[in-house]
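The values are calculated or read from the model by the stated rules, or taken from the named source; none is laboratory data. Predicted model only: the values in this text are computed from it and were never measured. Cβ atoms come from the backbone with ideal geometry, glycine included; neighbour counts cover every protein chain shown.
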Ligand code: KG4
Ligand code: ZN
């Protein structure tokens, strides 16, 4: 079989990224242009500014990706693009770019769901082994997914309100830390002790999650302490918060692994860059003799390599879009 080169495009939030992946597993070149510095001063992503920055960057990022790979558009087999979910204006920039390239160079166009991208970031580390349980923890999603084979996604549970990453970012904001808050909280947490008592959210028998109660508990605690004139120990609060997050995530995940009798587990999404979360999972998984893969740190957060990797399997399955492809702010993973 001839080698298949997928050009991946990702622009669902504040990263403009292109990548070329060979046969779904071998990353040839990836370029990520992050807008974090632009959005930092607003304390979060400003959608209108994000779409404008994508428009400004997108052709340069494409050019750099092809140059780094020493390939031309003629060498590309198909174009895979994130069509959703995400910020609509941001998504549209990537989708329109993908459609233009597909039309100009007469290439197949493959629509990719952002979350399947996060899942297939693991395929760039090690070929996925099935059946598996995936825990997706990002800025917009918190989901437990069962996969029997490639592109078979059965959602076991999800967050009923805030996503884990969103909760990290909001807690960071109340602690006056810069966006994105996840990495800052992780760093603070490594310096503290879990002295604050916070509620374990949705401690039930479902596979759903809820993080808004935990977020409110932290916000209320900070405000109350401030009103009393007390100084918050940010390090201790960060570690107390993170411990509750880890307890919640690991408890439901390990139960799903046991109930579905799977031997394989993967972590996915931006929050999976967190070393303490990884270590906690690693200890539990090794104890239970479960095989696991974590995405490489650089491809835990948004990137196009994961979209190209996922796009390869979508391409093999014959998934195609035509030039009417539209961006979707929300869509079920399927
Ligand atoms: O997957 P991602 O890049 O974007 C979405 O699809 O949402 O995830 C971004 C999220 C942000 O909320 C960010 O704070 C969080 O991932 N994040 C982390 C860490 N690195 C990124 N959260 C906790 N610890 C980290 N080290
Ligand atoms: Zn993402």
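Values computed for the structure shown
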| quantity | calculated |
| --- | --- |
| Restricting segment 286-314 to residues that are touching a helix residue (DSSP H, G or I) at 6+ places or on another chain (Cβ under 8 Å) and free of Cβ contacts under 8 Å to residues at least 60 places away in the same chain, the residue that is farthest from ligand 2 (Cβ to nearest atom) | 288 |
| Qualifying residue in segment 124-133 (condition: out of contact with any helix residue (DSSP H, G or I) (no Cβ under 6 Å at 6 or more places or on another chain), part of a helix (DSSP H, G or I) and surrounded by fewer than 24 Cβ atoms within 10 Å (Cβ to Cβ)) | no |
| Subset of segment 40-70 [in a loop (DSSP other than H, G, I, E, B) and crowded, with 17+ Cβ neighbours inside 10 Å] | 45, 46 |
| All positions within segment 158-174 that are in contact with a helix residue (DSSP H, G or I) (Cβ under 7 Å, 6 or more places away or on another chain) and not in a loop (DSSP other than H, G, I, E, B) | 164, 165, 167, 168, 169, 170, 171, 172, 173, 174 |
| Filtered residue count, segment 1-35, keeping only those that are away from ligand 2 (no atom under 14 Å from the Cβ) and out of contact with any helix residue (DSSP H, G or I) (no Cβ under 9 Å at 6 or more places or on another chain) | 3 |
| Segment 1-24, residues that are modelled with pLDDT of 95 or more, farther than 20 Å from residue 269 by Cβ and outside any strand (DSSP E or B) | 3, 4, 23 |
| Which listed residue is in contact (Cβ under 8 Å) with a residue 60 or more places away in the chain, on the phi > 0 side of the Ramachandran plot and touching a strand residue (DSSP E or B) at 6+ places or on another chain (Cβ under 8 Å), from 24, 8, 43 | 24 |
| Matching entry among 87, 92, 160 (being farther than 18 Å from residue 317 by Cβ, outside the structural domain of residue 218 (by TED's automatic domain parsing) and surrounded by fewer than 22 Cβ atoms within 10 Å (Cβ to Cβ)) | 92 |
| Enumeration of residues in segment 25-39 that are part of a strand (DSSP E or B) and either more than 19 Å from the chain's Cα centre (by Cα) or more than 15 Å from ligand 1 (Cβ to nearest atom) (or both) | 26, 27, 28, 29, 31 |
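A quick yes/no check of all residues on (1) within 13 Å of ligand 1 (Cβ to nearest atom); (2) assigned to a loop (DSSP other than H, G, I, E, B); (3) modelled with pLDDT of 95 or more; (4) touching a helix residue (DSSP H, G or I) at 6+ places or on another chain (Cβ under 7 Å):
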position	(1), (2), (3), (4)
156	no, no, yes, yes
178	yes, yes, no, yes
198	no, yes, yes, yes
203	no, yes, no, no
218	no, no, yes, yes
229	no, yes, yes, no
236	no, no, yes, no
